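K.L.:
So that we are looking at the same thing, I have put the structure below in C-alpha cells.
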Amino acid sequence: MIRLAFLPRPDEMTDNWVAEQTDRFIQDSTLSVWNKPFIKDCLLQMSNNKCSYCECKLGIEDKYIEVEHFLPKSKYPNRVLEWENLLPSCKRCNSEKREFDPAINPFIHPVHDEPKDHLAYIAYRFTGKTEKGKNSIFELNLNDRTRLQTPRFEIASAIIEQLDDIQHDIEEALFEVKSLTKFVTRLKNLCNQGLPNNQYSSIIATELIRAAAFNYIKAAFNEFGLWDIELQDLEIHLRNIAFLD
C-alpha cells in the first residue's frame, strides 16, 4: 500500500448529478450509480491503475476495478457518491473489507493517511504499528498467503537475484570505469520497477533499498562518479514509498 495523490472529482460529477443519483440509490439500493466509466477512469488515474490497498494491477485477469466505498454504502447511503469516499479496489480487497466501518474503528485511507506510518513490512508480511494498521491488515487480509504473500516472496527473490547478478558482474569487471558504465542502465531499469506506477511498488522499493547488494553497487558507482542525478532521484522515490522502519 502506498499513499495516493488526491485528484478532483470528474467534471461529470456535478452537484446536481450527485444529488440526483444519490436519491436514486437511496430509493433503490440495487442501483450501481457509481459504476460509471468517468468515475472509474479518474480513480484508476489516481491509483496508477492499481488497487489502492494491495497494489495489484487492475484490468488484468480477474482483477478488474471495483469502486470501493470507504464508508460502507449500506450504512451511509447519502455518501454513496461522495468523491472522497470512493477508492479503486480489486474484487478481493473490496470483498474482504465488506461492511467494515472506518467511522467506528480506525482504518487506513490511502489518500488521507501515509500507510508507512501505520504498517511495517517484515519477512513478506505486514504488521500493524497502529490500530489503523492492525485493522487494515486484518480486514483486508493483507497477509493472504496465496494471493499476496507468495507474490511478494517471488518478487523479492527476483529483485535480490538481479541485484546480486549486477554486483557479481561489477566485481568481475575489475572496477574499470568503461566496464562499469554498462551496469548503470541495468540498475536504473531495476529501480524503475519500484516506482508507483508498477504493481506492488512498495514491496519492490523496500526490497531494493534494504538489499546489501544495492548499497554495494551504489558505493561502487559513487567511487567512479557514476551515481548520477537520475539514480539519486530514483533512490529518493524508492525511499519515499519503501517500508524501512
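The values are calculated or read from the model by the stated rules, or taken from the named source; none is laboratory data. From a predicted model like this one, the values you see are computed outputs, not experimental measurements. Heads up, the Cβs are rebuilt from the backbone with ideal geometry, glycines too, and the neighbour counts pull from every protein chain shown.
K.L.:
Picking from Y76, Y53, which residue would you name as being under 16 Å from the mean Cα position of the chain (by Cα), of a type in the set (S, T, Y), closer than 30 Å to G128 by Cα and surrounded by 15 or more Cβ atoms within 10 Å (Cβ to Cβ)?
P.N.:
Values: Y76 fails: under 16 Å from the mean Cα position of the chain (by Cα).
Among Y76, Y53, only Y53 is under 16 Å from the mean Cα position of the chain (by Cα), of a type in the set (S, T, Y), closer than 30 Å to G128 by Cα and surrounded by 15 or more Cβ atoms within 10 Å (Cβ to Cβ).
K.L.:
For D245, state whether it is surrounded by fewer than 19 Cβ atoms within 10 Å (Cβ to Cβ), assigned to a helix (DSSP H, G or I) and either among the acidic types (D, E) or touching an Asp or Glu at 6+ places or on another chain (Cβ under 9 Å) (or both). Show your work before the answer.
P.N.:
On the way: surrounded by fewer than 19 Cβ atoms within 10 Å (Cβ to Cβ): yes; assigned to a helix (DSSP H, G or I): no; either among the acidic types (D, E) or touching an Asp or Glu at 6+ places or on another chain (Cβ under 9 Å) (or both): yes.
Criteria not met by D245.
K.L.:
Can I ask one more? If we scan the range 97-104, do we find a residue that is touching a Pro at 6+ places or on another chain (Cβ under 8 Å) and at pLDDT 95 or above?
P.N.:
Looking for residues that are touching a Pro at 6+ places or on another chain (Cβ under 8 Å) and at pLDDT 95 or above, one finds at least one in the range 97-104, hence yes.
K.L.:
Looking at this structure, is F138 modelled with pLDDT of 95 or more and more than 20 Å from N240 (Cα to Cα)?
P.N.:
Details: modelled with pLDDT of 95 or more: yes; more than 20 Å from N240 (Cα to Cα): yes.
Answer is yes for this residue.
K.L.:
Has the range 115-137 got any residue that is assigned to a helix (DSSP H, G or I), within 22 Å of G59 (Cα to Cα) and among the hydroxyl-bearing types (S, T, Y)? Give the derivation first.
P.N.:
Of the range 115-137, the ones assigned to a helix (DSSP H, G or I) are 115-117, 131-137.
Then drop every residue that is not within 22 Å of G59 (Cα to Cα), which leaves none.
No, the range 115-137 contains no residue that is assigned to a helix (DSSP H, G or I), within 22 Å of G59 (Cα to Cα) and among the hydroxyl-bearing types (S, T, Y).
Let's see how each residue does on (1) within 28 Å of A5 (Cα to Cα); (2) in contact with a helix residue (DSSP H, G or I) (Cβ under 7 Å, 6 or more places away or on another chain):
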position	(1), (2)
T206	yes, no
N215	no, no
A219	no, no
N222	no, no
L226	no, yes
E230	yes, yes
I236	yes, no
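K.L.:
Filter the range 36-50 for residues that are farther than 23 Å from I241 by Cα, basic (K, R) and buried (at least 19 other Cβ atoms within 10 Å of the Cβ) and give the result. Lay out the reasoning, then the answer.
P.N.:
Taking the range 36-50 and keeping what is farther than 23 Å from I241 by Cα, we get 36-41.
Pick out the ones that are also basic (K, R) and you get 36, 40.
The one that is farther than 23 Å from I241 by Cα, basic (K, R) and buried (at least 19 other Cβ atoms within 10 Å of the Cβ): K40.
K.L.:
If you check L195, L142, which single one turns out to be in a loop (DSSP other than H, G, I, E, B) and either among the charged types (D, E, K, R) or touching a residue at least 60 places away in the same chain (Cβ under 8 Å) (or both)? First the steps, then the outcome.
P.N.:
Values: L195 fails: either among the charged types (D, E, K, R) or touching a residue at least 60 places away in the same chain (Cβ under 8 Å) (or both).
The conditions single out L142.
K.L.:
Now, a different point. Might you let me know whether the range 159-170 holds any residue that is surrounded by fewer than 19 Cβ atoms within 10 Å (Cβ to Cβ), touching a residue at least 24 places away in the same chain (Cβ under 8 Å) and under 17 Å from Y121 (Cβ atoms)?
P.N.:
yes
K.L.:
Quick check on this structure: which one of R3, R92 is part of a helix (DSSP H, G or I), among the charged types (D, E, K, R), closer than 25 Å to R152 by Cβ and touching a helix residue (DSSP H, G or I) at 6+ places or on another chain (Cβ under 8 Å)? Give the steps one after another, and end with the answer.
P.N.:
Numbers: R3 fails: part of a helix (DSSP H, G or I).
So the residue among R3, R92 that is part of a helix (DSSP H, G or I), among the charged types (D, E, K, R), closer than 25 Å to R152 by Cβ and touching a helix residue (DSSP H, G or I) at 6+ places or on another chain (Cβ under 8 Å) is R92.
K.L.:
Out of the residues in the range 161-194 that are touching a helix residue (DSSP H, G or I) at 6+ places or on another chain (Cβ under 7 Å) and among the small types (G, A, S), which is modelled with the lowest pLDDT?
P.N.:
A173
K.L.:
Within the range 31-78, how many residues are under 21 Å from V18 (Cβ atoms), touching a helix residue (DSSP H, G or I) at 6+ places or on another chain (Cβ under 6 Å), in contact (Cβ under 8 Å) with a residue 40 or more places away in the chain and part of a loop (DSSP other than H, G, I, E, B)?
P.N.:
Qualifying residue count for the region: 1.
K.L.:
Consider Y200 against the criteria (1) surrounded by 14 or more Cβ atoms within 10 Å (Cβ to Cβ); (2) on the phi > 0 side of the Ramachandran plot; (3) more than 19 Å from the chain's Cα centre (by Cα): it satisfies all of them except one. Which criterion is unmet?
P.N.:
(3)
K.L.:
Quick check, is Q232 over 21 Å from T181 (Cα atoms) and either in contact (Cβ under 8 Å) with a residue 24 or more places away in the chain or surrounded by fewer than 22 Cβ atoms within 10 Å (Cβ to Cβ) (or both)?
P.N.:
Values: over 21 Å from T181 (Cα atoms): no; either in contact (Cβ under 8 Å) with a residue 24 or more places away in the chain or surrounded by fewer than 22 Cβ atoms within 10 Å (Cβ to Cβ) (or both): yes.
Against the criterion (over 21 Å from T181 (Cα atoms) and either in contact (Cβ under 8 Å) with a residue 24 or more places away in the chain or surrounded by fewer than 22 Cβ atoms within 10 Å (Cβ to Cβ) (or both)), Q232 does not qualify.
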